[in-house]
Every structure is written in structure tokens, then in C-alpha cells.
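The values are calculated or read from the model by the stated rules, or taken from the named source; none is laboratory data. Please read these numbers as outputs of a predicted model, since none were measured by experiment. Heads up, the Cβs are rebuilt from the backbone with ideal geometry, glycines too, and the neighbour counts pull from every protein chain shown.
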Amino acid sequence: MTELRAAIIPPTRLIRRSRPLLGSIALAGLAFAFVVPILWMTTTSFQAGEKMFQLTTEWIPSVWHPENYPNALSRGAFGRYFLNSGVVSFAVMTGNLVFCTLAGYGLAKFHFPCARLILLLILSTLMLPLEVTLVPTFLVIHKFGWLNSYQGIIGPLLVDAFGVFLMRQAIVSIPSDYLEAARIDGAGELRILWQIVLPQCKPALAVLAVFSFRDSWDQFLWPLTVVSVDRMRTYPLGLVQFGDDYGNPPTEQMAIAVLATIPVFLLFAVLQRAFTRGFGLSGLK
Amino acid sequence: MSGKASALLPSDARACSASTARRFWRFDFRDRIRAWGFGFVLPTVVFFAVFKYGPMLWALELSFTSYDMVSQPRFVGLDNYRDLLADPIFRETLVNTLVYIGGSTVLITLVALALALAINTRVPGARHCMMAMFLTNLMPIIAVCLVWRFLLHPHGLISQLLHPLGFDRVDWLTSSWTAMPCIIFVTVWRFAPYFMVVFIAGLLAIPDDYYEAAHLDGASPLQRFWYITLPLLTPMVFFVVVVAALLSARIFLMPFIITGGGPGNATRVLSMLIYETGFSYLKMGRAAAISAVLFAIMMIFTFLQMRFYMGREEAYIR
Amino acid sequence: MITASKTAKLSTATISRRGLMRGIGAAGLAAGASAVGRRAYAQGKAPVSLAFWTFDNPQQRPWLNKRIKLFMEKNPNVIVDFQWFPFGDLGKKLSVGFATGTAPEGFVSQDWLMPIWLDKGLISPLDVTRLGYSSFKAFTDDYAPAFVAGATKDGKAYGYPLWFYGYCNYLNTKHFNQVGLDASNDWPQNWEQLGEVAKRLTIKDGAKFTRQGFKFAMHAAPWTMIQFNPILIQCGGAWFDANGKCTVNNAAGVKAMTIRASMAKQYGAEDPADSIATNPLPQLDWFKERVSMFFCHPIPPTLIKAQNADMMAGHYYREVQYPGVETGRGYSSTYGFNLVINAQIPQDKQEVLHDLYRFIMSDPVDCWNDTAPFTLARKSGWVDNPAVKAFPDIDQFIEARDRGVFLPRTLVYNELADAMHRAVQRIMLNNADIKTALDEAAAEVDRATAAYKRG
């Protein structure tokens, strides 16, 4: 087991002698270029309403309007909307972590007949756009009596084929000999999963957690279809409704958008340690 | 519980299992393992059967009917498909979609890989840069579309940046030449960081001593990349290519909000056409037929990818 | 918002929508307060719960909510679950609702969707006597003919008209003064004048427009239709001929489209690609004074104040009528909203809905106070009220409403709108030939019509 761990955590670093500072600057420039729209969004969220549509952007607001945030929240039941989104996303994340890992592991390391076919079939669920399956999925949820409830929104999102695929790819690279050796040693399957497989795919688990949370956090079309009462709305529905109401300053809509990025970002910040552990050993940071 | 000598190698176990299995368990050793594997996959399969395959089959069935959502579907055979072939809008949209999927997938994969490699050089601040770039993926899609619509205004920020080069204005979103490239650009901007993180996770799984050994053997960085990094990243590349393609096939809000499919038909993609046909024109049967076409395209693509990559997987990983 | 308190638990055992509504309604019963003067028939009646859906609008939706709340106070046995959705999504929610048996009992229909509900028999005819009219003729006389034609069929009324308005030409009078024009006298009454005035108002900085004299909306298909429709009719054109073939590409159609394109191409007063308009604010260019004239539906004063406080304070704006092909005889498109009843609900609920609608519309002056300047479809009972008369330029709004022409009533309205939108984009943004683009649009519409006929 210890040899296994040693192989994962790089014991030495390949020293980059070639000008790390230049690299840092180049990388920072690239990151900045990517981030410009977010800066625009954040800056605009502190501006007065009429500044929103000026084509020459005022990057640092001359007059700050932090009241956009409480104003925006008060114009709709956003507290409730964010709570609903949080509950749904957390449940979806958990469901994905459990079921996708199991299924990914099964597909990666167990050679039952037609495993490839099953993988193709699972991927096929991603090939039909949501709009077409909207009505029948709605009917299924309706039959269960789950309309306008948390279960109804969570239901179809609970297991995502992307997640299964991701975990399969992550687990496929674990050398099978470790598993075989453990089996010969008499370990049960669940123990193998828990003690050998999972620790090795921590980065992928972290990625899966963040992605599944984020994907369900942003969901719009499905909650729009299954929810017809205001108190069960998720925040994207609130955001669109907010924007459609022409009485609302659009800068406040940006404020809500900024708020919406925070939970997923926090989750990512917490989990990214799991897969950038290797960075920490560089000593250059 | 096995009672067998632990010095036996897996290959021996395989050879022995046939004859000795029944002495120890009800099922064959190998079968038991397989049963476990199947059990792991089962909940997911059941879930998909209820929530995905059922609706998908219904949608396929629907493509042979005329259904306006408020009355019963009426069987029309292949009429929907025939109509589609004769419809210039469908043909244009199909071409747009193929261009969009192709362009997005290739660019996303390349940009994500490049970014991941850049981050993986682990220069000071790399981790922060990664987090900053990932932020772009977290913006709510509505905000993304609004922001980019303004940045890409003929007199907006991007045009202003080109002033020094002599461009007075560029009609990014309203000229049929630049509209689709802009949508592809925004798509890459939004999704490359997502896949960058996937690649980083994959890059980190490659032990550094492989690189050290190669370095000691005198391999150049390019050779190290080509012979070590790329092969070991194969599972992740496979993932990114397939998922990026599937994602771009389904994307609908971005072109819908940024250009509305315009100018003319320049940025209309199949997912948008499906939405309009089904919910705006109330022709669900026809929308289902369009989806079936999209489904077939993606199925063929994924199947080809599987054949290409899964062979390599076995070669490099096992 | 009128709905159940947050403690209402949804029963998961019942599958029916009615069971769902009852669950919500039972908790909401506690919210109903006893008001002054209960009507006799409400006492001792069985509880009735209804769902009512409308679209979101910052003036119209709260007013509807208010009236429904009042009705519930007067009739404590009635529980109305009031829900609203973004304007563009309401039609979709309704379609999914009808497809799955979860549509609301009553809802507000945008009137261009009326043909679809009517064709599929989804809304039920109204009993005009229950709405307070002595006869069908009395009902139709009380509304503008253009409107009534869309809400009635075979001698029966299917919609109870709410708001109904036309478009006006919104002028920025400050800009007019700047170029030496007087908005009261020099406002454009025909299309050539529109072009000339717009040209004078335009300010350019090289190739960039600092100020566009006039602008057509380019951001969404419904607006393309609404703004182009009257031009087509004025030129003597028609959307369809007697056989149902699309005729937008005939000589009259080409003339109309040439007029529309002339603002940019002939007079150089408009830049079709340069706009900051968004879906909720199509008139944003006008608010930000990037444009001097813009065709728009009635704009509430609060909105003007919110977007351009100076304009409100200095009152340097004016509404005038749409230009016409004949000088001074211009007219715009008119459209509106109806209260309708789902045909699939039981009779007792339909009766309650009639009472609800009658009550909602029983105080048109109150409606005006809350939702001005959106004009009501009804002719009587409010126009002579002093509060209404005091509203600036009220005569312009009423004239626009009375003169206007209806949008084409066709079952393929959405396809038509999308085809026209594409054509306009091609013509204005990609310099396509007008006849060619219109031919393509007409062909698309004909295909859609044929597909609809095949069923």
C-alpha cells in the first residue's frame, strides 16, 4: 500500500530552471485575459443602473453602489431561490459521487460481457438534447407525484453520464494488478473499492463533485418545466425573471449573478487542494 | 475466507479457478467478481432506464408522429424526416451545427490541454491562475451571454481593442462571417477552463519519476511530452474530446441569447431549431425527428472515438 | 403573492392536479380574511380552488394580483393560486401544462396565441351575461373591432379583453429643438417625412453614429412583426391571400420592405447593427438618447424616470402617431391580452372564473391608475374619468389603439415571425436583395402552412 501512495505523490520535482518569473507573468496575463468578463460583471454590479449599457466601460466605478446587492435580493424571494438551488445541487452532487463512482468502477475494472456496449449506451443518454425529453420526463415525475418538489427537480439529475464516464476514465489508469493482489489476499470487493480505488482517484472525485454541483446549480430548462410555484424556484429561474422585469436595474441583475458564482467557487476552492496537492511540494510557492 | 495460499499469482488463480472454484463458493471466482461489477453498475442502469431511456424511446417514437402537445400524437411514418431533407433551413442548420461542434471540440481540447500544461509547470501563482480561470466557468450562463453581447458590440470593448490596428468597428455578431466564430470563441472561453481542470487532474496522476528518467536519458521536453505525457493522458483526452463534442451538440442558451440564431440563419444550431420547432411552432414530432438526426451524428462520432481510443487505452494502461 | 403558506405540504399520494391544488388551497384558506360586504351567493358554498397564470410585467402583474386578492377576500370559499412567468416562457409553460394535464384553470393569453388555443379547442366560450353584458352584441360593441375579431368566433366570445394598445412614435423633443424643429408641428406624418426628419436629427462621428435619427427594433421576432405589419398593410399588401399563400413578397410587400429599409439605406439615419437594446428594454437606445425617434408600446412614466430621470424631469418627450403612406393617416399594430378559461375544467369552476374576471374588470379606473399608460380594450367606463383625462398625451394612446390594425391571425404566427425576422436581418445586416429575401421568407411560411395543414 505504501508503495502505491509513494507512486502517486511525486517525491521529487522536476526542477524548472528556465525563468519561473517570466512564466508566472505570462500565465498571469493569460488568466487575466480569461477573467476580463468576470471583472466586467463584478464592476458593473457596483454601478448605478444607467452605467450598464455604456460601451466605454468604467472599470473602477466612480461612484460605488453596494446597495445594488440588498436591493436586488429584496426584489424577489432570492433567499428562498438560493436555498432551493443549494439543496438540489448538494443532493445531486452526493448522488453523482456515489452512483457515478460505483458505475465508473464497474465499467473500468470488471470485464463482464458487453461493457463497451453499456458505456456507449450510457453515453447515449447525453446525445439527445434536453428539450425533446422534457415532456416525457415531466410525465414520469408527474406519475411519481413529485411535481413542484425537491425530489422532482433532483430526480433526473441524480446520476449524470458525464460523471460515470469521468470516473471510468480516472479508474481505468489504476493498474489492475493492485486489485488482483488484494483479491488474492482475500479482501472483499467493497473493501477494495474503499481502500484502494477511492484514494487513488481523489482528484477525479473532487472534479466530479465540483462539476456535478455546478451543473445542477446552473440548471434552467428542467426546473422551469417542473416548477410552477414560486417557492420552489431555483435561482436561475429567479435571475431570468428578474432580468425580464424591465423595472429592475440591470446592474442589480449582475449583482445576483456575482452572488451566484460564490457558492460554487467556494466549493472549488475547498476541493482544489485535493488535486493540486502536488503543487504544494514545489517549494516555489 | 479464500483459504488459498496467498503466494499464488493472479494468473495462477485464473488457471485454477475453473477446477477448484466449486469447492469454495457457490459461484465461480471470476463470476463472483463479475457479479459485483454488474452490481456496481446496476443502480445507474436502472436510474437511466427510468429517467433517460424511457423518455428517449418515447422521443424516438414521437419522431414518426405529428404531435402538437395538446392533442394525441398521430402516426405519420417518415414524413417528418422527408420534410426535414427538403427544408433549406434544416440543411443550413445542420451544416452550422457540424461546424460548431467540430470547431468547438478541437479548440476546447487544444486550449484546455495548453492551459493545463501551462499550469502544470507549477510556476509561482499557478494555482491562483487556475482558480481564476475556472471562475469563468462558474458565471451563470445568462450573465455570460449578456456580458459577451456587450463586449462584442460593434463599438464594444473587443472592437475598441482593435482600434490601434486600424479597425474602426467590427460587426462581430451581425456579420455572417464573424458571427459563428464568435459563438465558438465564447464557447471555448467558457468550457476550456472546465476541461483544463480535468487535464490537470490527469497530469498529476503521472508520476514525476517517469519524467526524471526520461530527462536523465536525454529526452527533450517535446519528446517527454510526446512519449510520456500524451500516452498517459489518453483516457483524459478521450474524455475531453467526447464530452466537449456532446456538450457543444447540446448547447442552446448561448447562441439563443447572444445572437438568436442570426444574422439570418448564420448561428442557428440544431438544438435551437429543436427548441423552436417543438415549443414555438408546437411541432414536437418534427422536433423529435431533428433530435434523432442529432443523436445519430453524435452516436457515430462517439462510437468512432471509442474505437480510436479504447484500443490505445489498453495498450498504454494495462 | 397569493399562494399557500410555506407550511403547505404537497401530498405525494395523489397524482391528480386537483389533489395538488386542494393541498395548496387548504393551507391558503387560513390566509383569506373576511372583508366588508360578502356577496350572498358566496356564503355556504363549497370551497373552490383555482390556478391562475399570467406573465410578468412590473405594472400589470401586481395589479392583477391585487384584484384577485380582493376577490378572495369577498369570496372566502375561493382560493386562487396566482403564479406568473417570464413573458416569453408563459406560452411554453402553458403548452407543457396542456400536454400533461397540469394547465391552470384560468390564464392570461397574449392575443396572437388565441388562434392556437381556439383551433385546438383548449379554451371555453364565455357566457357574456355572466360577465355583465346583456347580449353578445353589447359585448362586441364595447371593444375595438380589431380586438374583438381576435377574441370571438362563431358568435361566441372566448376571451375577456384586458389591455389592448397600439404603438406610438416616441420623440425626443430636446433633439428636435437642437436641430431647429418643433416636435408639435414637424413630427413626421408620412414615411418620407420620417426619413427626412431622421436625417436631420442624425449626428455622425466619421462612420460611427453618435446619434441615430430613427431606429427600428432588431432584437426579436415579435417586434419585427409588430413594427412591419402596419407598413405592409398601408402599402396595400397582405400577409396571406385567400388561398392561404403567403404574399409578403408581392409588389406591395417589396414596397413596404423598401420603406422599412430606407431609413438606413436611403436616408442614412439608422445603423441596424448598433443597438444596446435588450429583451426587457427594446427602447433602451431611445432612453439613453442614442436615438431620437422610436416606435414603442405605451411606456410607463416610472420606467422613463428610472432609465432617464432628466428626460422625465424636463418632460422632453412626446408620443405621436405612426407615420402613414398617406400623410396624417398613419396607423400602427395593436395587440393585447385576454382573460381566458381552460376548456377542460368543470362547469362550477368555470362559473367562479367568470365571477372572478367580472370582478377584476369591474374597476377600469383603478386599472388605469396602476398600469397607465397601457390602455384598456374596453371603450366604456374609464375614458371620461378625470384622472385618465389628466394623463399627458392620453389622446395619442387612445387614438393609436382605435386606429390600429391587428397582427395577422394565423396558426403559423411564430413561423411567420421567425421567417420575417430572418429576412429583415438578411436585408439590413447582410445587404441581401429585398425581393430575394422576401421570396425566401414567403417560401418558408408556405412550407410551414403546408405542414400545419397536413396536421
Does at least one position in region C:132-139 carry a residue that is in contact (Cβ under 8 Å) with a residue 24 or more places away in the chain and among the aliphatic types (A, V, I, L, M)? no
Of (1) outside any helix (DSSP H, G or I); (2) hydrophobic (A, V, I, L, M, F, W, C); (3) at pLDDT below 85, residue A:134 fails just (1)
Only unsatisfied item for residue A:174, checking (1) closer than 30 Å to residue A:222 by Cα; (2) in a loop (DSSP other than H, G, I, E, B); (3) more than 7 Å from chain B (Cβ to nearest Cβ), is (1)
In region B:42-88, anything surrounded by fewer than 19 Cβ atoms within 10 Å (Cβ to Cβ), more than 9 Å from chain A (Cβ to nearest Cβ) and of a type in the set (Gly, Ala, Ser) is listed as B:49, B:71, B:77, B:86
Those residues of region A:128-148 that are within 22 Å of the chain's Cα centre (by Cα) and surrounded by fewer than 22 Cβ atoms within 10 Å (Cβ to Cβ) come to a total of 1
Taking region A:211-224 and the residues there that are more than 8 Å from chain B (Cβ to nearest Cβ) and surrounded by 20 or more Cβ atoms within 10 Å (Cβ to Cβ), the one that is farthest from residue A:92 (Cα to Cα) would be A:224
Per the filter on region B:160-179, residues more than 9 Å from every other protein chain (Cβ to nearest Cβ) and either crowded, with 16+ Cβ neighbours inside 10 Å or assigned to a helix (DSSP H, G or I) (or both) are B:161, B:163, B:164, B:165, B:170, B:172, B:178, B:179
Reported set for region C:305-326 where residues are among the acidic types (Asp, Glu) and either touching a Gly at 6+ places or on another chain (Cβ under 7 Å) or in a helix (DSSP H, G or I) (or both) is C:310
Taking first residues from region C:345-357 that are farther than 10 Å from residue C:48 by Cα and second residues anywhere that are among the hydroxyl-bearing types (Ser, Thr, Tyr) and part of a helix (DSSP H, G or I), the pairs with Cβ under 9 Å that are 6 or more apart or on different chains are C:355/C:41
Considering region B:130-157, residues that are more than 7 Å from chain A (Cβ to nearest Cβ), more than 25 Å from the chain's Cα centre (by Cα) and at pLDDT 85 or above, and then whichever is farthest from residue B:106 (Cα to Cα), we arrive at B:154
Restricting attention to region A:59-80, the residues that are in a loop (DSSP other than H, G, I, E, B) and either modelled with pLDDT of 85 or more or of a type outside the set (Lys, Arg) (or both) number exactly 11
Using the structure shown, decide if residue C:71 is within 14 Å of chain A (Cβ to nearest Cβ) and under 22 Å from residue C:337 (Cβ atoms).
-> no
Pairs returned, first residue in region A:158-173 that is under 10 Å from residue A:122 (Cα atoms), second residue that is of a type in the set (Lys, Arg), beta-carbon separation under 6 angstrom, 6 or more apart or interchain, are none
Picked from region A:70-98 (must be surrounded by fewer than 22 Cβ atoms within 10 Å (Cβ to Cβ) and among the aromatic types (Phe, Trp, Tyr)), the residue farthest from residue B:298 (Cα to Cα) is A:78
Query raised in the report: Do we have any residue at all in region A:254-262 that's of a type outside the set (Asp, Glu) and within 14 Å of chain C (Cβ to nearest Cβ)?
Result: yes
Scanning region A:45-58 for residues that are at pLDDT 85 or above and assigned to a helix (DSSP H, G or I) gives A:45
Pairs returned, first residue in region C:166-184 that is touching a residue at least 60 places away in the same chain (Cβ under 8 Å), second residue that is of a type in the set (Lys, Arg), beta-carbon separation under 6 angstrom, 6 or more apart or interchain, are C:166/C:401; C:171/C:318; C:173/C:318; C:183/C:318
Across (1) without any contact (Cβ under 8 Å) to a residue 60 or more places away in the chain; (2) within 18 Å of the chain's Cα centre (by Cα); (3) assigned to a helix (DSSP H, G or I), residue C:97 clears everything bar (2)
Within region C:278-304, residues being of a type outside the set (Val, Ile, Thr), touching a Gly at 6+ places or on another chain (Cβ under 8 Å) and within 17 Å of residue A:49 (Cα to Cα) number 3
Q: Determine, yes or no, whether residue C:233 is of a type in the set (Val, Ile, Thr) and within 22 Å of residue A:244 (Cα to Cα).
A: no
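Let's see how each residue does on (1) within 30 Å of residue A:176 (Cα to Cα); (2) polar (S, T, N, Q); (3) under 14 Å from the mean Cα position of the chain (by Cα); (4) at pLDDT below 90:
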{"position": "B:267", "(1), (2), (3), (4)": "no, yes, no, no"}
{"position": "B:282", "(1), (2), (3), (4)": "no, no, no, yes"}
{"position": "B:289", "(1), (2), (3), (4)": "no, no, no, no"}
{"position": "B:305", "(1), (2), (3), (4)": "yes, yes, yes, yes"}
{"position": "B:315", "(1), (2), (3), (4)": "yes, no, no, yes"}
The residue that is farthest from residue C:369 (Cα to Cα), considering only those in region C:72-82 that are crowded, with 20+ Cβ neighbours inside 10 Å and in contact (Cβ under 8 Å) with a residue 60 or more places away in the chain, is C:78
Out of (1) within 14 Å of chain B (Cβ to nearest Cβ); (2) assigned to a helix (DSSP H, G or I), the one residue A:83 does not meet is (1)
Contact list, first residue from region C:233-259 and in contact (Cβ under 8 Å) with a residue 12 or more places away in the chain, second anywhere and polar (S, T, N, Q) and in a loop (DSSP other than H, G, I, E, B), beta-carbon distance below 8 Å, six or more apart or interchain, is C:237/C:247; C:237/C:250; C:238/C:247; C:239/C:247; C:239/C:410; C:240/C:247; C:240/C:410; C:253/C:247
Restricted to region C:284-311 and to residues being of a type in the set (S, T, N, Q) and within 9 Å of another protein chain (Cβ to nearest Cβ), the residue surrounded by the fewest Cβ atoms within 10 Å (Cβ to Cβ) is C:302
Among B:268, B:312, the single one that is at negative phi, touching a residue at least 40 places away in the same chain (Cβ under 8 Å) and not in a helix (DSSP H, G or I) is B:268
_Would you confirm whether or not region C:371-378 contains a residue that is within 11 Å of chain B (Cβ to nearest Cβ) and crowded, with 22+ Cβ neighbours inside 10 Å?_
no
Here the qualifying pairs (Cβ atoms under 8 Å; residues six or more apart or on different chains; first in region B:116-139 and free of Cβ contacts under 8 Å to residues at least 40 places away in the same chain and closer than 22 Å to residue A:39 by Cα; second among the small types (Gly, Ala, Ser) and surrounded by fewer than 23 Cβ atoms within 10 Å (Cβ to Cβ)) come out as B:125/A:24; B:125/A:28; B:126/A:24; B:126/B:118; B:129/A:28; B:131/A:269
- If we scan region A:189-198, do we find a residue that is touching a residue at least 40 places away in the same chain (Cβ under 8 Å), part of a helix (DSSP H, G or I) and closer than 30 Å to residue B:256 by Cβ? no
